[in-house]
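Quick notes on the structure that follows.
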Ligand SMILES: Nc1ncnc2c1ncn2[C@@H]1O[C@H](COP(=O)(O)OP(=O)(O)O)[C@@H](O)[C@H]1O
Ligand SMILES: [Mg+2]
């Protein structure tokens with residue numbers, strides 16, 4: 001047992017306790033949490049900072065505003081309803097289209113058909129606080145449904161794959177792409193069964209994948225190879241992620257980005273307590289890169305310089321990996 | 001930097017907790033286990049006499065300073081008599097008074113003493129005695145003996161030892177024969193010795209006491225000799241001349257005043273009976289602390305009303321549960337709902353015992369969950385739905401109680417003692433997780449909560465631990481120190497070793 005711990009330490013694997021004590025408590029002051037915990041606020045901040053986000057169609061902040069839902073939806077075919085204070089993918093409904101025969105019937109990402117009344121009921125649960133921390137009343141967002149770039153078509157089962165970049169003190173240190181599976185119900189959250197694949201920060205190419213903490217080479221549903229995919233606009237993605245520091249003020253941050261077919265990379269959300277499975281997806285611990293950033297920190301570099309540093313230092317071919 | 005403060009704080013807390021604990025344990029003698037008992041003797045003095053026609057006043061000498069013994073309680077049994085304890089020149093005196101009574105009377109005085117090596121006799125230093133007035137021919141005999149003994153001794157103690165040797169010699173000198181001519185009892189013998197010692201200007205007095213044994217029906221006070229050497233009182237065996245006190249010797253009274261005196265009564269007789277028994281060490285320790293006026297005990301749990309004490313004996317164990325919680329979550333890494341939910345569940349297990357607690361809790365949550373899913377179909381708003389779950393839980397509890405009672409299983413009744421808010425919250429949390437992350441996550445979280453609760457329950461239910469914590473609440477400072485240290489534990493969790501197994505290989 002001690003041996004296993006020593007091995008992990010040697011490989012620079014970051015544990016939950018260490019992450020909480022050394023990263024989150026040190027660099028993420030609590031009063032800044034609302035900036036990431038409240039998706040409405042995150043969206044506003046990201047927009048003012050000039051980052052691209054999925055367009056907001058409308059907000060429902062109160063049970064009495066529920067009837068606005070159909071107005072907000074209007075004639076749109078696809079949209080997403082999510083709680084402003086949700087986490088872990090809880091309470092998110094992704095509507096991808098309408099039934100061909102009955103237009104008042106919506107098709108979810110999972111293929112299930114639902115009536116508008118069911119959407120309303122769900123929204124009312126969201127507003128009632130079922131998915132927010134401590135059950136506090138919440139706001140429901142209705143936003144643009146990302147149509148993912150065909151690059152991922154082969155390796156996603158329904159739903160939108162998203163890219164997670166860990167940004168430490170403004171420097172992107174690790175990234176992965178999360179690929180929805182049948183098991184994850186089209187959502188890109190690893191603990192729901194999505195596949196995670198590490199990304200070479202230098203090139204933006206995917207490395208191998210993991211599913212439930214085990215290494216996989218192929219997507220479980222589509223059978224396509226996971227490694228070697230080139231993510232488009234990688235430089236832009238890294239720069240946007242690096243800008244997360246300026247937007248949120250948080251020193252340890254997970255930035256979630258999706259690539260839309262029409263709009264390119266969009267910031268979906270940011271996370272003050274990003275999970276550690278990214279290490280498994282990259283077959284590598286975070287500690288070494290964090291120490292590297294700590295060493296050069298001091299000169300307040302601009303976001304693009306920090307992204308460049310990451311591309312140079314943390315590529316799969318550089319010495320550190 | 002912060003790390004140093006953390007260590008410092010933890011060290012301070014530990015030091016404070018441990019030193020108070022050590023003081024109470026070693027000095028005040030607080031027992032470490034609750035079955036520890038201290039031997040104690042109940043000494044009963046019964047005073048018998050025939051009442052005369054007039055008012056009656058009976059006085060009995062009772063123990064005042066008892067080196068080697070502590071008093072745990074004393075009381076008198078005497079119907080119709082007024083009772084008081086007075087301080088007179090020789091020490092304490094119990095006094096019974098009655099205006100009119102008739103026939104044979106018996107008065108009881110009881111005292112419970114326990115051995116206490118630390119109970120010292122802070123006795124007064126007496127003045128040098130005046131030379132006693134002795135009539136001839138005794139005076140010459142005393143002078144001869146004093147001169148003779150003084151020749152062979154150096155100080156008060158050796159004088160006393162030599163004197164006792166001389167007078168007890170098998171072939172006594174003529175002066176000794178003269179001295180002891182009128183001595184007929186051990187008491188008179190010791191009294192004569194004090195007279196001789198007074199002639200040599202050595203303060204001395206008679207002490208009378210009991211050699212405590214397991215059980216003595218009828219026993220009498222043994223006279224002993226006590227002299228003051230200018231610094232402290234010393235005890236001498238009047239017969240052998242050795243300096244000692246018999247084992248378990250309880251000094252009852254000092255001086256040669258009559259042990260008991262009854263004004264208005266005749267045929268007075270006093271008897272002693274001794275019975276050894278055991279009393280709770282805790283009570284002894286508290287008694288001892290009271291005598292020393294130790295603030296530690298004044299401000300202890302024992303100073304609270306009994307009912308509040310009972311509440312605290314539960315409350316004080318919660319930190320142990322919290323410690324278990326920290327260990328299980330930060331060291332082991334078990335998933336559980338809520339931060340303190342498992343500890344609260346563990347508390348409710350106290351009423352049901354572990355096995356039935358687990359069974360009933362699981363049953364209730366499972367039933368509640370299924371109801372919750374039925375309610376889900378009705379599309380109720382959140383708060384009404386939660387309230388509906390709560391109501392259903394109450395009804396379920398009632399049904400379980402009634403059904404198990406009808407089946408003759410009384411344990412089912414204890415389900416009513418579960419805090420249902422906790423159950424309702426567990427159900428709600430679990431159903432949300434169930435829907436959103438699937439049954440696997442929900443069941444994992446639920447099982448984790450129950451595992452943590454069970455471990456916390458077992459830890460909080462350890463009798464010796466409960467005893468230790470309730471008698472030494474300062475040890476919670478040590479628990480606090482441990483929790484603070486764990487708060488800075490940045491190593492891996494046990495479950496992470498499994499989780500990152502793929503990364504551990506080379
Ligand atoms: N606008 C959107 N379009 C398409 N899919 C979305 C959208 N928003 C969220 N999702 C899906 O839901 C998942 C979780 O969303 P996210 O905004 O990260 O919320 P959470 O804080 O709950 O993780 C995403 O990974 C994505 O798969
Ligand atoms: Mg997310």
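So what are chain B's ellipsoid semi-axes, whole angstrom, largest first, if each one is the square root of 5 times an eigenvalue of the alpha-carbon gyration tensor?
Numbers: eigenvalues 1087, 180, 51 Å².
Each semi-axis is √(5λ); the values are 74, 30, 16 Å.
With an 8 Å Cα cut-off and a minimum separation of 6 or more residues, compute the relative contact order for region A:56-143 in percent.
Worked out over region A:56-143, it gives 39 percent.
Just the projected area, averaged over all directions, of the convex hull on the alpha carbon atoms of region B:40-114: how many nm²? Write out the running numbers ahead of the final one.
Values: hull surface 20.9 nm².
Answer in nm², one decimal: 5.2.
Tell me, Kirkwood radius of region B:308-418 from alpha-carbon pair distances, in Å?
15.9 Å
Report the calculated FRET efficiency for residue B:152 and residue B:313 (r = Cβ-Cβ distance, R0 = 60 Å), to the nearest 0.05. Please report the intermediate quantities before stating the final value.
Details: r = 65 Å, r/R0 = 1.08.
The formula returns an efficiency of 0.40 here.
Calculate the spin-label point distance for residue B:332 paired with residue B:188, positioning each point 7 Å from the Cα along the beta-carbon direction, and give it in nanometres.
Once both label points are built, they end up 8.1 nm from each other.
Measure out, as a whole number of angstrom, how far apart the alpha-carbon centroids of region A:208-272 and region B:314-349 sit.
37 Å
Using Cα springs under 10 Å in a Gaussian network model of chain A, which residue among A:243, A:205, A:164 shows the largest mean-square fluctuation?
In the Gaussian network model the winner is A:205.
Given the C-alpha centroids of region A:136-163 and region B:1-52, what is the distance between them in whole angstrom?
Spelled out, the Cα-based centre of one part sits 66 Å from the other.
So how long is each side of region B:183-273 along the principal axes, counting just the alpha-carbon atoms, biggest first, in Å?
On the principal axes, region B:183-273 reaches 39, 34, 24 Å in Cα extent.
Per the Kirkwood treatment, what hydrodynamic radius in Å, one decimal, follows for region A:56-143 from the mean inverse distance over all distinct Cα pairs?
Working: mean 1/r = 0.0778 Å⁻¹.
Every distinct Cα pair counted, the radius reaches 12.9 Å.
Principal axis lengths of region B:1-159 from Cα atoms, whole Å, largest first?
Answer, in whole Å and largest first: 89, 58, 25 Å.
Let me check against my output: what whole-number percent is the relative contact order of region B:128-202, with C-alpha pairs under 8 Å and at least 6 apart? Present the calculation step by step, with values, prior to reporting the outcome.
Details: 52 pairs, mean separation 38.9, N = 75.
Computed value for region B:128-202: 52 percent relative contact order.
Can you tell me the mean projection area, over all orientations, of the convex hull of region B:226-295's alpha carbons? Units nm², please. Write out the running numbers ahead of the final one.
Details: hull surface 37.1 nm².
Spelled out: convex hull of the Cα atoms, projected over all directions, averaged, 9.3 nm².
Based on the alpha-carbon set only, what is the convex hull volume of region B:128-202 divided per residue, in Å³? Don't skip to the answer; put the middle values down first.
On the way: hull volume 6.5 nm³, N = 75.
Roughly 87 Å³ of hull volume per residue.
Roughly speaking, what % of Cα-Cα pairs in region A:167-321 are separated by over 26 Å, rounded to a whole number? Don't skip to the answer; put the middle values down first.
Values: 2496 of 11935 pairs.
Roughly 21 percent, rounded to a whole number.
Considering the alpha-carbon set of region B:1-90 alone, what are its Rg and its Dmax in angstrom?
Every Cα atom of region B:1-90 included, Rg and Dmax give 25.2, 88 Å.
Run the helix sum for chain B: -39,500 (n - 2.57) per DSSP H stretch of 4+ residues, divided by residue count, reported at 222 nm to the nearest 500 deg cm²/dmol.
Details: 17 runs with 236 residues, N = 506.
Helix contribution divided over all residues of chain B: -15000 deg cm²/dmol.
Which value does Rg/Rh take for region A:1-126 over its C-alpha atoms, Rh per Kirkwood? Show your work: numbers first, answer last.
Values: Rg = 20.4 Å, Rh = 17.9 Å.
Taking Rg over the Kirkwood Rh, I get 1.14.
Taking N as the number of residues in chain A, what is its Cα Rg relative to 2.2 N^0.38 Å?
Values: Rg = 19.5 Å, N = 321, 2.2 N^0.38 = 19.7 Å.
It is 0.99.
Taking a temperature of 4 °C and a viscosity of 1.567 mPa s, what whole-number D in µm²/s does Stokes-Einstein yield for region B:76-229 with Rh from Kirkwood over alpha carbon pairs? The partial results should precede the final answer.
On the way: Rh = 18.8 Å.
In µm²/s, the coefficient rounds to 69.
Please provide three numbers in whole Å: the alpha-carbon extents of region B:27-77 along the principal axes, with the largest listed first.
57, 22, 13
Pairing the Cα long axis of helix A:287-296 with the longest principal axis of chain A, what angle in degrees results, from 0 to 90 and rounded to the nearest 10?
For helix A:287-296, the angle is close to 70 degrees.
Between region A:25-59 and region B:196-274, what is the separation of their alpha carbon centroids in Å?
One Cα centre to the other: 91 Å.
For region A:105-233, count the residues as N, evaluate 2.2 N^0.38 Å, and divide the Cα radius of gyration by that value, please.
Values: Rg = 16.8 Å, N = 129, 2.2 N^0.38 = 13.9 Å.
Normalised Rg, Cα atoms only: 1.21.
Can you give the angle from 0 to 90° between the axis of helix B:354-378 and the longest principal axis of chain B, with both taken from C-alpha atoms, to the nearest 10?
Compared with the principal axis, the helix lies near 30 degrees.
Pairs of Cα atoms under 8 Å, at least six residues apart: use those to get the relative contact order of region B:318-460, whole percent. Intermediate values should be presented prior to the final figure.
On the way: 159 pairs, mean separation 62.4, N = 143.
Relative contact order of region B:318-460: 44 percent.
Using a Gaussian network model of chain A with C-alpha springs under 10 Å, which one of A:282, A:125, A:189 is most mobile by mean-square fluctuation?
A:125
Any idea what the alpha-carbon Rg over 2.2 N^0.38 Å comes to for the protein assembly as shown?
Normalised Cα radius of gyration, the protein assembly as shown: 1.54.
Taking chain A as a Gaussian network, Cα atoms linked when under 10 Å apart, which of A:233, A:208, A:244 shows the biggest mean-square fluctuation?
In the Gaussian network model the winner is A:233.
Would you mind giving the three semi-axes, in whole Å and largest first, of the ellipsoid equivalent to region A:231-298 according to its Cα gyration tensor? Mind showing how you got there, number by number?
Working: eigenvalues 98, 47, 31 Å².
For region A:231-298, the semi-axes come out at 22, 15, 12 Å.
A short reminder: the numbers here are calculations on the coordinates, not readings from a lab. All values derive from a computational prediction rather than experimental measurement. Please note: Cβ atoms are built from the backbone with ideal geometry, for glycine as well, and neighbour counts cover all protein chains shown.
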